[in-house]
Structures are given as structure tokens and as C-alpha cells.
Amino acid sequence: MSGSTGERSFADLLTSLRYWVIHSITLTSLFIAGWLFVSTGLAYDVFGSPRPNESFTESRQGIPFRTRFDSLVEQ
């Protein structure tokens, strides 16, 4: 059935050396790029989240808890 459309079977893909070379390079480079994105701190800058050492400062040691009534106080 798989030969009727000209597609290769899944077993042929898994045993293909070309498949493993392409995916070993692609998956490895994606892993390294993600690790660098997080380890350099660029992820914190892009998404605007505080770094772990900036979450609790000397002046703010409590949990940053916001309620729906905080907006009424700020007005």
C-alpha cells in the first residue's frame, strides 16, 4: 500500500543512514541552541522574566502577591 503513492515506508526511513545523519545533526544543534538560549540569560531578556537572583532582593523578601483589589489602590 505504501508503494502506490511513491512514498518510502517507515522501515526504510529508519534504516536509512541519511535519515540518522540529518536527524543527529538537527536534534543536536537544536539542543545546543536551546541550552545557550537559557544559559546565557537571553531567555530572561526576551520573555521579560526576572533572573533567579533578581526575584528576591534585600528590600523585597516576601512573595510578590497581587490581588484584584491592587488596581483600585493604585488609581
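Each reported figure results from applying straightforward, stated rules to the coordinates on display, with no laboratory input. This structure is a prediction, so every number in the text was calculated from the model and none was measured. Here the Cβ is made from the backbone with ideal geometry for all residues, glycine too, and neighbour counts use every protein chain on show.
Suppose the chain between residue 31 and residue 66 were pulled fully straight at 0.36 nm per residue; how much longer would it get relative to their current alpha carbon spacing?
Between residue 31 and residue 66, full extension yields an extra 9.0 nm.
Put a dot 7 Å past each Cα toward the Cβ at residue 49 and residue 23; how far apart are the dots in nm?
2.9 nm
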